[in-house]
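**Q** This is the structure I have questions about; it appears just below.
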Amino acid sequence: MLKAYLIKRVLMAIPTLFILLTIIFLIMRVLPGNPVAAIVGTKAPPEVIQSVTRRLGLDQPYHIQYINYLSNLLRGDLGRSMIWGRRPVIDEIMDHFPATLELSISAFIVSVLIGIITGTEASRRFRSKLDQVFRFYGIVTYSLFIPWLGIMLQLIFSVYLKLLPVGGRIDPFMEPQRITGLYLLDSILTLNIPSFFNALSHLILPSITLGVYISGVFTRTVRSNMLEVLRRDFITAARARGIPENIVIYRHALKNAFIPILTMMGLQFALLLAGAVLTETTFSWPGMGTFLLERIMYRDYTTVQGTVVFIALLIVSISLLVDVMYAYLDPRIRFR
Amino acid sequence: MPGMKKVYLVILLVVIIAAAIGLGYYWYQQVYVKPREVIILGTIDKITVLDPAKAYDFFTWEVLNNIGEGLLKYKPGTTELVPGLAESYEVSEDGRVYTFKLRKGLKFTDGTPLDAEVVKWSIERQMHLNLDPSWLVTAFVEKVEVIDKYTVAFHLKRPIAYFPALVATVPYFPVSPKAYPWDEAKDSTVGIGPYKVVKWVRDVELRLEVNPDYYGPKPKTKYFIIKFYKDATALKMALEAGEIDIAWRELLPTDIIALKKGGKFNVIDAPSPYIRYIVLRCNQPPFDDVRLRRAIAAAVDRDRICEKVFKGLVTPLYSMVPMGMWSHIDAFKDEYGERNLELARKLLREAGFSEDNKFKIELWYTPTHYGTTEADVAALIKESLEETGMIEVELKSAEWATYAAEYIAKGVMPIFLLGWYPDYIDPDNYLTPFLHSEHCGHLGVFYNNSEVDELLEEAMVKPTIEERQERYEEVQRILARDAPLIPLFQGKLFLVCKKNIRGVVLDPVMLLRYYLIYKS
């Protein structure tokens with residue numbers, strides 16, 4: 001049954017991807033701006049413009065361009081950048097994705113830890129002052145303007161206390177030998193301890209900024225799910241048996257409240273992987289968000305398309321994974 | 001009691017982890033000592049492409065001037081041209097042939113020797129690709145001839161008094177044929193200058209190291225690193241936190257003033273020949289009507305822009321030729337005064353507009369290329385024009401790639417903001433590209449005045465400064481009368497650095513020489 005469920009989910013993902021790719025393909029061609037002009041400049045003679053247009057395949061009708069792109073995609077070719085040396089798009093993505101992955105994982109950990117603890121404690125102390133504080137926290141954090149929060153943290157910890165860096169991923173000369181592109185992991189794998197702490201120090205502020213921002217959603221979701229579960233009979237029964245309250249809350253109640261939270265966690269993580277432009281800008285973090293934004297501004301069609309496809313694949317994969325975990329945790333799902 | 005044991009265990013674990021983290025952090029602080037031979041410069045500017053055939057922006061030219069060099073170069077702190085990769089040159093009697101003798105034994109960082117064939121190849125590649133900066137070559141050079149292994153001759157289309165200044169510009173830089181393809185522009189870190197590139201991660205870091213094969217004096221600092229920040233606030237904080245030694249291009253005016261007052265850093269400033277102006281498209285309505293162009297010129301309030309947006313850090317400009325450059329006259333001030341709303345209203349009425357029938361225009365600007373203050377500049381121009389009571393301005397913007405590569409050349413924008421950093425230090429560079437009918441279309445002006453064309457062509461070839469000055473002054477007077485362009489303000493260069501930084505030279509060339517900078 002689980003296998004059938006998985007197959008069904010995979011098959012549903014395919015049309016989703018195609019629809020997304022088509023929408024992006026059309027939007028890029030409808031927007032003003034010309035990648036040929038961006039490459040050859042304003043003074044190129046007509047024959048040069050024609051030659052570059054032909055080379056990029058932009059002289060073809062739109063449906064031919066689309067078919068060519070799809071067939072390349074099926075061969076795993078995301079194309080080449082239209083500007084700056086025509087590097088393969090996948091190489092351009094791999095220059096930036098590890099930074100985004102590292103930030104996403106750490107921000108996610110921060111947000112989940114804060115969200116689960118505050119949401120659980122708020123539900124445990126329903127209608128108390130602490131509950132009100134955490135509910136307020138949940139609303140305020142999601143309304144925060146990320147650059148403001150980031151700048152405040154930079155001012156306090158970087159400028160005044162000089163404890164942590166203002167921005168970037170790592171200091172010059174401190175990069176570990178590249179294995180995965182994730183600096184923390186690479187420095188552990190190469191036993192480069194100074195590099196590990198240098199990378200970690202750069203990761204702290206952007207992770208807290210982004211993590212706090214999205215933790216509000218988790219706080220509210222955990223709280224409402226926990227309140228519902230805590231009203232159930234099996235919780236009353238557990239308490240009646242004398243099980244310590246912490247075990248009742250964190251082992252029994254939270255587990256049962258976790259399934260919808262898991263779905264939300266998966267979606268949030270997937271969105272993080274698409275890049276966090278505001279955080280990346282504030283902390284000069286060389287991630288996917290600012291990379292994609294820049295390539296949109298330069299009308300680098302192939303890079304934008306390739307990057308969006310990559311992100312779409314990631315999001316679809318994570319959604320699949322969440323669905324699988326969901327079905328694994330709750331057997332009732334498989335039989336629906 | 002089992003419960004209590006667990007609590008103690010947890011506390012112990014937390015203490016051990018915290019101690020481990022603390023010790024590790026302490027160790028890393030001891031290990032990571034920033035080498036003295038490193039200077040880190042922070043900027044929010046960007047490198048576009050490291051190819052002299054395509055790069056046409058200030059910051060990329062600056063980098064290329066530190067990792068490459070021309071046959072001639074400027075002596076730091078002056079506008080005096082001195083030998084570069086060429087040890088000498090001669091000019092033919094008719095002024096049309098410049099023969100350069102190259103220094104012997106030079107090579108690029110990929111091992112390719114520099115000789116006359118390489119120079120010829122580089123210039124011909126520039127002409128073949130014909131990208132944005134290529135006009136600096138193709139407008140003047142007919143062909144390049146190899147005389148012998150280390151002698152190369154440039155044959156010009158006509159005698160040009162300022163050709164040596166052109167040769168010092170990036171489009172004339174020799175490049176290694178192994179590093180650059182013939183057929184397209186491409187990033188390459190191969191050069192022949194005082195520094196070589198050891199690491200480049202676009203928009204993250206550019207790491208330069210002393211080039212041991214450079215013929216001239218070695219740079220004073222072994223490593224020069226450029227860190228790219230995404231906004232001016234982060235740049236300022238990086239300086240205050242001690243992460244960078246120099247903040248360059250560019251801090252916000254309010255931050256510059258605050259840092260100056262704070263006294264913890266050196267704020268170095270110098271007059272700059274970079275200018276900002278309004279462009280009016282002259283070959284189509286509405287600005288084919290000179291009365292409307294003159295009305296805009298009379299109504300614009302330069303002082304307000306300089307004070308409100310830039311806090312007095314820039315200066316109102318009344319000509320396209322910057323102040324401090326020979327031949328500059330305050331032509332627009334002579335014509336309109338500092339501002340003349342009555343004249344603007346009179347001209348608008350003559351053109352058929354009134355308070356009930358307002359002159360509606362779209363004023364275009366680009367939001368980030370000239371810094372984050374650009375939207376404020378546009379807003380203040382709108383405000384000042386609307387004070388006539390007879391103009392209605394709608395603000396529109398486009399990102400630089402679209403603005404420059406498409407909208408300007410196609411004449412999509414009837415009135416728009418632009419800036420100019422000089423390609424070469426000569427008044428010709430501030431007038432010919434904008435006013436000569438053969439060239440001004442590339443900058444969206446589309447102005448056609450045969451008298452101006454003739455004056456500019458004469459000034460190009462006249463041998464004495466006095467003869468050239470006379471013509472450039474007349475061109476400026478015609479420019480003010482016809483107003484196809486409206487100069488707004490002239491900038492200043494600001495560099496903020498730690499107190500122990502020395503060797504910073506800001507001069508009219510505006511290109512920072514990293515190789516002169518060191519820590520005391």
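Readers should treat all values here as calculations from the given coordinates under stated rules, not as data from a laboratory. What you see is a predicted model; the values in this text were computed from it and never measured. Every residue, glycine as well, gets a Cβ built from its backbone with ideal geometry; the counts of neighbours run over all protein chains shown.
**Q** List, in order, the whole-Hz ³J(HN,Hα) value for each residue of segment B:140-157 obtained from phi through the Karplus relation with A = 6.51, B = -1.76, C = 1.60 and θ = phi - 60°; use x for Gly and Pro.
**A** Working through the residues one at a time gives 10, 9, 7, 7, 10, 10, 8, 8, 8, 4, 10, 10, 9, 10, 9, 9, 8, 5 Hz.
**Q** To continue, here is another question. Relative to the present Cα-Cα distance, how much length would full extension add between residue A:77 and residue A:144 at 0.36 nm per residue of separation? Numbers along the way, then the final one.
**A** Details: separation 67, 0.36 × 67 = 24.12 nm, distance 3.97 nm.
Length difference between fully extended and current span is 20.1 nm.
**Q** Does chain B come out rounded, prolate or oblate by the C-alpha gyration tensor, with a ≥ b ≥ c the root eigenvalues, rounded set by a/c under 1.5 and, if not, prolate when a/b is larger than b/c and oblate if not? Let's see the in-between values first.
**A** Working: a/c = 2.24, a/b = 1.23, b/c = 1.82.
Taking the square roots of the gyration eigenvalues as a ≥ b ≥ c, chain B is oblate.
**Q** In nm, give the distance between the simple-model label positions of residue B:127 and residue B:323, each being 7 Å from the Cα along the Cα-to-Cβ direction.
**A** It is 4.2 nm.
**Q** Same structure again: Net charge around residue A:254, counting only other residues with Cβ within less than 14 Å of its Cβ (Lys, Arg = +1; Asp, Glu = -1)? It would help to have the intermediate numbers written out before the result.
**A** Details: positive: A:124, A:223, A:232, A:251, A:255; negative: A:121, A:228, A:245.
Taking every Cβ under 14 Å from that of residue A:254, the sum is +2.
**Q** How large is the charge dipole for the protein assembly as shown, taken about the Cα centre, if only the Cβ atoms of Lys, Arg (+1) and Asp, Glu (-1) carry charge, to the nearest 20 debye?
**A** I would put it at about 4940 debye.
**Q** Around residue B:141, which amide H atoms from residues at least 5 apart in sequence, or from another chain, sit under 5 Å from its own amide H, with H modelled in the peptide plane?
**A** Amide H to amide H, under 5 Å and 5 or more residues apart or across chains, residue B:141 pairs with B:157.
**Q** Using packing as a proxy for protection, rank B:58-68, B:278-288 so that the peptide with the highest average count of other Cβ atoms within 10 Å comes first. Spell out each step's value before the answer.
**A** Numbers: B:58-68: 22.5, B:278-288: 18.5.
Descending mean neighbour count gives B:58-68, B:278-288.
**Q** Whats the longest run of chain A with zero chymotrypsin sites (Phe, Trp or Tyr not before Pro) that are DSSP loop and have at most 10 other Cβ atoms within 10 Å? Walk me through the numbers before you get to the answer.
**A** Numbers: sites that count: A:145, A:335.
In short, A:146-334.
**Q** Give the percent of DSSP beta bridges with both residues in the protein assembly as shown that are antiparallel, rounded to the nearest 5. Walk me through the intermediate numbers first.
**A** Numbers: 56 of 73 bridges.
Counting only bridges with both partners in the protein assembly as shown, antiparallel ones make up about 75 percent.
**Q** Is the shape of segment A:89-297 rounded, prolate or oblate, going by the alpha carbon gyration tensor and its root eigenvalues a ≥ b ≥ c, with a/c under 1.5 for rounded and a/b larger than b/c for prolate?
**A** Working: a/c = 2.13, a/b = 1.97, b/c = 1.08.
Since a/c reaches 1.5 and a/b is larger than b/c, the shape of segment A:89-297 is classed as prolate.
**Q** So, one more: Would you please name the trypsin sites (Lys or Arg not before Pro) within segment A:219-307 that are DSSP coil residues with at most 12 other C-beta atoms within 10 Å of their C-beta? Before the final figure, lay out each step's value.
**A** Numbers: sites: A:220, A:223, A:231, A:232, A:239, A:241, A:251, A:255, A:295, A:299; in loops: A:231, A:232, A:241, A:299.
Here the trypsin sites (Lys or Arg not before Pro) that fit, given the DSSP loop and packing criteria, are A:231, A:241.
**Q** With runs of 4+ DSSP H residues as the only contributors, calculate the mean residue ellipticity of chain A at 222 nm using -39,500 (n - 2.57) per run, divided by the residue total and rounded to the nearest 500. Numbers along the way, then the final one.
**A** Details: 15 runs with 239 residues, N = 336.
Helix contribution divided over all residues of chain A: -23500 deg cm²/dmol.
**Q** Taking chain A as the reference, fit the longest principal axis to its C-alpha atoms, fit the long axis of helix A:62-74 to the helix C-alpha atoms, and give the angle between the two in degrees, 0 to 90, nearest 10.
**A** Helix A:62-74 sits at roughly 60 degrees to that axis.
**Q** Pop a pseudo-label 7 angstrom from the Cα along the beta-carbon direction at both residue B:330 and residue B:394 and give the gap in nm to one decimal.
**A** Rounded to a tenth, the inter-label distance reads 3.7 nm.
**Q** What number comes out for the charge environment of residue B:87, summing +1 per Lys or Arg and -1 per Asp or Glu over other residues with Cβ under 11 Å away?
**A** In short, +3.
**Q** Sticking with this one: Over all residues in B:225-233, what is the mean tally of Cβ atoms on other chains that come within 10 Å of each residue's Cβ? Write down the numbers at each step before the final one.
**A** Details: counts 3, 0, 5, 4, 6, 10, 6, 0, 8.
Mean inter-chain Cβ contacts per residue within 10 Å come to 5.
**Q** On to the next question. Could I have the simple spin-label model distance between residue B:8 and residue B:349, label points 7 Å from Cα toward Cβ, reported in nm to one decimal?
**A** 9.8
**Q** What angle, in degrees between 0 and 90 and rounded to the nearest 10, separates the Cα long axis of helix A:193-230 from the longest principal axis of the Cα atoms of chain A?
**A** 60
**Q** Okay, next question. Is any helix in chain B, taking whole DSSP H runs, at least 24 angstrom long along its axis by alpha carbon and on average at least 1.0 on the Kyte-Doolittle scale, and which ones? Don't skip to the answer; put the middle values down first.
**A** On the way: long enough: B:2-31 (43 Å, 1.26); B:465-482 (25 Å, -1.58).
Taking the DSSP H segments of chain B (at least 24 Å long, mean hydropathy at least 1.0), we get B:2-31.
**Q** For an R0 of 45 angstrom, estimate the FRET efficiency from the Cβ-Cβ distance between residue A:127 and residue A:22 and round to the nearest 0.05.
**A** Working: r = 50 Å, r/R0 = 1.11.
According to the calculation, E is roughly 0.35.
**Q** Related question: Using amide H atoms built 1.01 Å from N in the peptide plane, name the residues 5+ places from residue B:274, or on other chains, whose amide H lies under 5 Å from its own.
**A** B:491
**Q** Provide a whole-number value for the mean count of partner chain Cβ atoms within 10 Å of the Cβ atoms in peptide B:394-402. Walk me through the intermediate numbers first.
**A** Working: counts 0, 0, 0, 0, 3, 6, 3, 12, 9.
For this peptide, the per-residue mean of nearby foreign Cβ atoms is 4.
**Q** Collect residues whose amide H, placed 1.01 Å from N in the peptide plane, falls under 5 Å from the amide H of residue B:359; neighbours closer than 5 in sequence don't count.
**A** When sequence neighbours closer than 5 places are left aside, the close amide H contacts are B:354, B:391, B:392.
**Q** Same structure, new question: Once phi is turned into ³J(HN,Hα) by the Karplus curve 6.51 cos²θ - 1.76 cosθ + 1.60 with θ = phi - 60°, what whole-Hz value does each residue of segment A:257-274 show in order, with x for glycine and proline?
**A** Result, rounded to whole Hz: 7, 6, 4, x, 5, 4, 4, 5, 4, x, 5, 4, 5, 4, 5, 4, 5, 6.
**Q** If you line up the long axis of helix A:288-297 against the longest principal axis of chain A, both from Cα atoms, how many degrees apart are they, to the nearest 10?
**A** Roughly 30 degrees between the two axes.
**Q** Give me a single rounded figure for B:408-416: the average over its residues of other chain Cβ atoms within 10 Å of their Cβ.
**A** Details: counts 1, 4, 3, 0, 1, 0, 0, 0, 0.
Shielding by partners across B:408-416 averages 1.
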